[in-house]
């Protein structure tokens with residue numbers, strides 16, 4: 001199949017999905033002809049020979065990137081490796097990333113991974129990966145550059161807000177095992193249940209419920225601290241399941257999409273798993289997506305006090321759609337809304353009590369963690 005014919009089929013599909021075909025056939029065909037003409041000129045007259053397959057991949061990526069920061073194309077190789085992420089084990093650095101104005105942005109470093117240990121923070125912008133400039137690359141191209149054989153090193157050059165000079169991190173790739181839940185007792189009397197939820201993968205709710213039930217069976221607790229800081233999200237079903245655990249009734253979240261099947265409301269079932277005990281939820285700007293569903297729903301129902309910093313603001317649901325070539329696309333299919341009807345896209349969930357990270361030596365879940373310390377004092381006051 002020649003390049004122009006391939007482009008015709010590709011662009012026909014794209015414009016059909018945009019709903020333009022029925023009303024603007026002439027305009028559509030003119031655009032297809034123009035696009036084909038441009039690509040033929042590039043193929044014949046560009047200073048270097050081009051790889052037609054790479055050009056088409058770039059065209060597909062361009063379509064998806066023009067939609068939103070989270071839609072992306074995955075090659076067969078990348079699609080296969082990405083499928084392991086939701087199961088809790090994959091190779092890489094341990095960073096959840098998105099796009100912002102054509103630049104790769106760190107949504108959050110995953111807890112206890114090489115990226116977090118190296119000092120990468122939510123909100124960082126990745127400008128170089130080894131010797132390659134990142135700007136202009138697709139999200140999945142950046143992901144591909146960061147992946148590699150376990151044990152090999154990679155150099156990330158990062159720009160951080162309010163830091164004048166760029167920062168460089170040398171990080172060794174590892175198999176990332178996402179153990180999404182850790183728990184312990186806090187407070188002078190060890191009567192505050194602390195649960196850190198690092199991600200919402202397919203096993204998170206089972207791990208979470210097990211920790212809580214163990215606390216409930218053998219301790220006289222006065223309340224719970226649920227730590228969602230630097231939790232980049234995950235599966236919508238897991239967010240609903242864990243949120244439901246703390247509510248007796250009421251709406252948890254609603255989704256709205258173009259298809260009727262993507263427009264749904266999810267409600268809590270009877271039964272509060274901690275019998276109404278007070279709950280504090282910790283968030284920061286690395287708390288995204290499913291984390292924001294949990295924090296936002298409990299805030300709207302006045303079931304928890306939210307402490308920390310404004311969350312990331314990712315209010316959309318992506319579906320991974322396999323393609324015939326063995327690859328896939330991650331496509332935004334709906335947006336979600338909190339029980340109040342508010343969308344958190346680009347806005348995030350605001351805390352009830354703002355407590356910003358303080359101190360150069362700040363580390364989550366340590367003595368220097370002023371946000372966690374504040375939450376503990378709130379229970380003990």
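What follows draws every value from the coordinates through simple rules; no lab data is involved. These numbers were taken from a predicted model, which means no experiment stands behind them. Positions of Cβ are generated from backbone atoms using ideal geometry, with glycine treated the same way; all protein chains shown enter the neighbour counts.
Which one, [x] 24.0; [y] 21.4; [z] 22.5, gives Kirkwood radius over Cα pairs in Å as derived from the coordinates shown?
Recomputing Kirkwood radius over Cα pairs in Å here gives the entry labelled [z].
Using packing as a proxy for protection, rank 147-154, 29-36 so that the peptide with the highest average count of other Cβ atoms within 10 Å comes first.
29-36, 147-154
Note the angle between two axes, namely the Cα long axis of helix 3-17 and the longest principal axis of the Cα atoms of the chain, as a number of degrees from 0 to 90, rounded to the nearest 10.
Its long axis makes an angle of about 40 degrees.
Which order, highest average first, do 254-261, 329-336 follow once you tally other Cβ atoms within 10 Å for each residue and take the mean per peptide?
329-336, 254-261
Can you tell me the FRET efficiency between residue 52 and residue 358 if r is taken as the Cβ-Cβ distance and R0 is 51 Å, rounded to the nearest 0.05?
0.40
Provide the percentage of antiparallel DSSP beta bridges, counting only those with both residues in the chain; round to the nearest 5.
Bridges in the chain are about 75 percent antiparallel.
Order of 140, 99 from fewest to most other C-beta atoms within 10 Å?
Going from sparsest to densest Cβ surroundings: 99, 140.
Quick one: work out the % antiparallel among DSSP beta bridges in segment 261-381, nearest 5.
Roughly 55 percent of the beta bridges in segment 261-381 run antiparallel, per DSSP.
Below 8 Å between Cα atoms, with a sequence gap of 6+, how large is the relative contact order for segment 181-380 in percent?
19 percent
Shape verdict for segment 136-282, please, from the Cα gyration tensor: rounded (a/c under 1.5), prolate (a/b greater than b/c) or oblate.
It is oblate, given that a/c is not under 1.5 and a/b is not larger than b/c.
Please identify which residues in segment 285-313 have an amide N closer than 12 Å to a label point set 7 Å out from the Cα of residue 267, following the Cα→Cβ vector.
Within reach of a label on residue 267: no residues.
Describe numerically, in nm with one decimal, the distance between label points set 7 Å from Cα along Cα→Cβ at residue 127 and at residue 153.
Placing both labels 7 Å along Cα→Cβ, they lie 2.2 nm apart.
To test your reading of the geometry: what angle, between 0 and 90 degrees and rounded to tens, separates the Cα axis of helix 290-300 from the longest principal axis of the chain?
Relative to the chain, helix 290-300 is tipped by roughly 50 degrees.
Can you tell me the order of 242-253, 342-353 when each peptide is scored by its average per-residue count of other Cβ atoms within 10 angstrom, highest first?
242-253, 342-353
With each run of n ≥ 4 DSSP H residues scored as -39500 (n - 2.57), what mean residue ellipticity at 222 nm is computed for the chain after dividing by its residue count and rounding to the nearest 500 deg cm²/dmol?
Helix-only estimate at 222 nm: -9500 deg cm²/dmol.
Taking Cα atoms, how many degrees apart are the long axis of helix 370-380 and the longest axis of the chain, rounded to 10 and kept between 0 and 90?
30 degrees
In whole percent, what relative contact order does the chain give with Cα contacts below 8 Å and a gap of six or more residues?
Relative CO of the chain lands at 13 percent.
Would you kindly give the portion of the calculated P(r) for segment 260-381 that falls above 17 Å, as a percent of all Cα pairs?
So the pairs more than 17 Å apart make up 65 percent of the total in segment 260-381.
Give me the percent relative contact order of segment 100-215, please, defined on Cα pairs under 8 angstrom at least 6 residues apart.
Taking the mean separation of contacting Cα pairs over the length of segment 100-215, I get 20 percent.
Mean-square fluctuation check for the chain, GNM, Cα pairs under 10 Å: which of 131, 300, 112 is largest?
131
Tell me the Kirkwood hydrodynamic radius of segment 72-177 in angstroms, computed as one over the mean inverse distance between distinct C-alpha pairs.
13.8 Å
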